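Down below is the structure, laid out as structure tokens.
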Amino acid sequence: MATIIDGKQVAAEVKARVAKEAQRLGDELGITPGLAVIIVGNDPASKIYVSNKKKACDEVGFYSEVIRKPEKTTQRELLEIIDTLNKRIDIDGILVQLPLPKHISEKAVISAISPKKDVDAFSPFNVGKVMIGESVFLPCTPAGVMELIKSTGVELSGKNCVVIGRSNIVGKPTALLLLQQNATVTICHSKTQNLAEVCSKADVLVSAVGKPNFVTADMVKEGAVVIDVGINHNEDGKLCGDVKFDEVEPKAGFITPVPGGVGPMTIAMLMENTLKATILKEKSSAKKAAKKQ
Ligand code: NAD
């Protein structure tokens, strides 16, 4: 029987840490971290994600602002909004909820966010920083995955880690973060041959595919740490991950459930990044003030 990794609990611990630090910033410096979230269009899943982000901001004592724009918003209008937010002193983090309507280039929009406020860490600048191991912000979902692995107490150095999925927002950065912890990392994807065999050698298996029941028991090594990033709906419409939980759980050493695993961590790490952005802004203005004296 595996130990179930309680993502809600680990996320609550991260948020408590953030809330404490936010309180200290308020008491000592009179500043409140601020996050702006932009949502364009009416995607129902995006609406839920945005309202959860707002709720998390309230929980940790941040100022938050949700900017809702209609589907027909032009790229230019969106870039203007970002430009204004980049200049606002009360906004430390800017997040554009993806996906955007097809007529807007996600690349152009993400690149327009100031790297200092890019708390999702999706901009080329911050992606590059992660790549060379000098990250300011870690991408939220991969950072959440790493926190969950850390919570198991399993040492990553020298371990065989397999990530299924090579997206820019989950698979690739997760692999990089595992590598930075000295793991031996294999990235699998839709063209990988002998997937089950490769996965079955993993001490840590991270699945970010987006297909229900994709990871089966034969793909899992006895005692492995299994992290399920997938968010899917099964044939009954119930939320589920990529992992066939009932058959994998008895074989794994540690496993994340869906819901209640990686999902809550993504938002907790977003709060951590926003706090980091606030602290960096304060440090930089303190430096500037000292120079002027
Ligand atoms: P994506 O569609 O961009 O990437 C999916 C990856 O799966 C691709 O790299 C593809 O090569 C790989 N893949 C597809 N079929 C495969 C196969 N047969 N064998 C091996 N690999 C295969 O998706 P994404 O944005 O990386 O998200 C992946 C999943 O994680 C989705 O379910 C998404 O909803 C979920 N997600 C969850 C969170 C969270 O907070 N929990 C955050 C982001 C994404």
>> Apply the Karplus curve 6.51 cos²θ - 1.76 cosθ + 1.60, θ = phi - 60°, to the phi angles in region 274-288 and return the couplings in whole Hz, x for Gly and Pro.
In response: 5, 4, 4, 4, 5, 5, 5, 4, 5, 4, 5, 6, 5, 4, 4
>> I'd like the Karplus ³J(HN,Hα) series for region 93-98: coefficients 6.51, -1.76, 1.60, θ = phi - 60°, whole numbers in Hz, and an x wherever there's a Gly or Pro.
In response: x, 10, 10, 9, 5, 9
> What does the charge add up to near Ala217, with Lys and Arg as +1, Asp and Glu as -1, over the other residues with Cβ less than 11 Å from its Cβ?
Replying inline: -2
> How long, wide and thick is the chain, going by the Cα atoms along their three principal axes, in whole angstroms, largest first?
Replying inline: 62, 44, 32
>> Given the options Ile48, Phe62, Thr74, identify the residue whose Cα lies farthest towards the positive end of the charge dipole of region 30-114 (+1 on Cβ of Lys, Arg; -1 on Cβ of Asp, Glu).
In response: Thr74
> Label-point separation (nm) for Asp90 and Ser114, each offset 7 Å from Cα along Cα-to-Cβ?
Replying inline: 1.6 nm
>> Using the Cα atoms of region 30-114, I'd like the radius of gyration and the largest Cα-Cα distance, Dmax, both in angstrom.
In response: 12.7, 41
> Which net charge results when you count Lys and Arg as +1 and Asp and Glu as -1 among the other residues whose beta-carbon is under 13 Å from that of Glu197?
Replying inline: +1
> For Ser157, what charge total do you get from the other residues with a beta carbon under 13 Å from its beta carbon, if Lys and Arg give +1 and Asp and Glu give -1?
Replying inline: 0
>> Which one, His233, His103, His189, has the greatest fluctuation when you compute a Gaussian network model over the chain with C-alpha springs under 10 angstrom?
In response: His103
>> Explain nothing, just the number: dipole magnitude of region 61-199 about its Cα centre with +1 on each Lys and Arg Cβ and -1 on each Asp and Glu Cβ, in debye rounded to the nearest 20.
In response: 300 debye
>> Starting from 0.36 nm per residue, how many nanometres of slack lie between Ser285 and Gln9 once their C-alpha separation is accounted for?
In response: 95.8 nm
>> Using the basic label-point model (7 angstrom from Cα toward the beta carbon), what is the Gln75 to Glu247 distance in nanometres?
In response: 4.5 nm
> How many percent of DSSP beta bridges within the chain run antiparallel, rounded to 5?
Replying inline: 5 percent
>> Rounded to two decimal places and with Rh computed the Kirkwood way over Cα pairs, what is Rg over Rh for region 9-65?
In response: 1.06
> Based on Cβ point charges of +1 for Lys and Arg and -1 for Asp and Glu, what charge dipole magnitude is obtained for the chain about its Cα centre, in debye rounded to the nearest 20?
Replying inline: 1160 debye
>> Apply the Karplus curve 6.51 cos²θ - 1.76 cosθ + 1.60, θ = phi - 60°, to the phi angles in region 232-249 and return the couplings in whole Hz, x for Gly and Pro.
In response: 9, 10, 7, 5, 8, x, 7, 5, 8, x, 8, 8, 6, 4, 4, 8, 7, 3
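Just in region 86-164: which GluC sites (Glu not before Pro) are loop by DSSP and have at most 14 other Cβ atoms within 10 Å?
Passing sites in region 86-164 are Glu134, Glu155.
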> Are there trypsin sites (Lys or Arg not before Pro) in region 145-246 that DSSP marks as loop and that have at most 14 other Cβ atoms within 10 Å, and which are they?
Replying inline: Lys191, Lys201, Lys238
>> Over region 210-293, what portion of Cα pair distances is larger than 17 Å, expressed as a whole percent?
In response: 59 percent
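Every number here is computed from the coordinates shown, using simple stated rules; none is lab data. Bear in mind the structure is a predicted one, so any value in this text is a computation, not a measurement. Note that each Cβ is placed from the backbone with ideal geometry, even for glycine, and that neighbours are counted across all protein chains shown.
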